[in-house]
Amino acid sequence: MSRPAAPANASLGECRRSARQRLAAAGHPSAALEADLLLSLATGLERGQLFAWPERAVTATQQHRLEQLLARRLAGEPIAYLLQQREFWSLTLRVNRATLIPRPETETLVELALRALPADRPLRVADLGTGSGAIAAALAHERPQWFLIGIERDPEALAIAASNAARLRLDNLRLVRGHWSSALGNAAVDALIANPPYVRADDPHLRQGDLRFEPEAALVAGADGLMALRALIADAPRCLKPGGLLALEHGWEQGAQVRTLMRQQRLEAIETLHDLAGQERVTQATLAVA
Ligand code: GLN
């Protein structure tokens, strides 16, 4: 039997407890945290205020808002879309259903770029398919000397990326509409970074959890999941300066195929890094000098 909603004129403490119980009963592992996040959003109160004032009354409007948020969460909608934000690389980014939800494993890509490229030179670095702008924003934030170009095909996602750049005051990040590297024209860059779609069209994970609600174009890349990776690797020599860096995120079982595709181009120093879960996740290479 599903748990009842808190009674009308309930207190903060009652709403908190009832929301937590209903999320837990539906099998949400972070029920307590999620209940607090949704109650904060519904009431406009900070999380700390929720436990400081358990006896405080919750208005009918706030309770209605909480019920709607809970219904959406219980229907599987990702918490990041309900809150319209997600932390990535210590930055709070705006996200919505037009953008992929930034994931911890993508921070491996940011780390790689920070380690591989000189910090104090005015490099031009492109993030292809930037989505919410997560990778480009993290790099622009860490490296004020660099100039970041975030390229995104979907206008709605591009607007989210632009709002993130503006809110975080990242003057060294420019967002451009375009399809992969086509927006770069003939101006070669020092580094090409991307977290492209790489899931196989028949992957059952697409029908589970958050992925069900995320934009398919940001996840799925043809029958073998390599469609976007293949195009990006083939195009890299045209877009990169000699010695320039290519760094791509890919599926945990795609490392060998990505390395093979890179060896077919004028790319060298090919190396795959593991994410925090110990899976092959990111492969880098540099464009051969002449
Ligand atoms: N890492 C994501 C997932 O499998 C996929 C993201 C992507 O395709 N770029 O959940």
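The values are calculated or read from the model by the stated rules, or taken from the named source; none is laboratory data. Not measured: the values here are computed from a predicted model. Here Cβ is always computed from backbone atoms with ideal geometry, including for glycine, and neighbour counts include all displayed protein chains. Side chains are part of the model used for accessible areas, which takes the heavy atoms of the whole protein and leaves out ligands, DNA and RNA. Shrake-Rupley method; radii C 1.70, N 1.55, O 1.52, S 1.80 Å.
Summary of values
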item	result
Area projected by the alpha carbon convex hull of the range 23-168, averaged over all directions, nm²	10.5 nm²
Sites Ala24 and Ala162 - FRET efficiency at Förster radius 51 Å, r taken between beta-carbons, to 0.05	0.85
Folded to 0 to 90 degrees: helix 155-167 orientation relative to the chain principal axis, Cα	80 degrees
Protein accessible area in the chain, 1.4 Å probe - carbon and sulfur %	52 percent
Gln279 paired with Leu33, simple spin-label distance in nm, labels 7 Å along Cα-to-beta-carbon	1.9 nm
Model label zone, Phe51; criterion: amide N under 11 Å from point 7 Å along Cα-to-beta-carbon; scope the range 4-33	33
Expected 222 nm ellipticity per residue - DSSP helices of 4 or more, -39500 (n - 2.57), all of the chain, to 500	-11500 deg cm²/dmol
Efficiency of FRET between Glu142 and Ala5 - r from beta-carbon atoms, R0 45 angstrom, step 0.05	0.50
Label point 7 Å beyond Cα of Leu206 along Cβ direction - residues of the range 83-123 with amide nitrogen under 19 Å	97-101
Hydrodynamic radius (Kirkwood) for the chain, which is based on Cα pairs only, to one decimal in Å	20.5 Å
Backbone N under 17 Å from the Ala269 label point (7 Å along Cα→Cβ), restricted to the range 238-263	240-248, 262-263
Where the range 220-290 is the region considered: accessible area per residue in Å², 1.4 Å probe	46 Å²
FRET efficiency, 1/(1 + (r/R0)^6) with R0 35 Å, evaluated for Glu216 and Glu87 via beta carbons	0.90
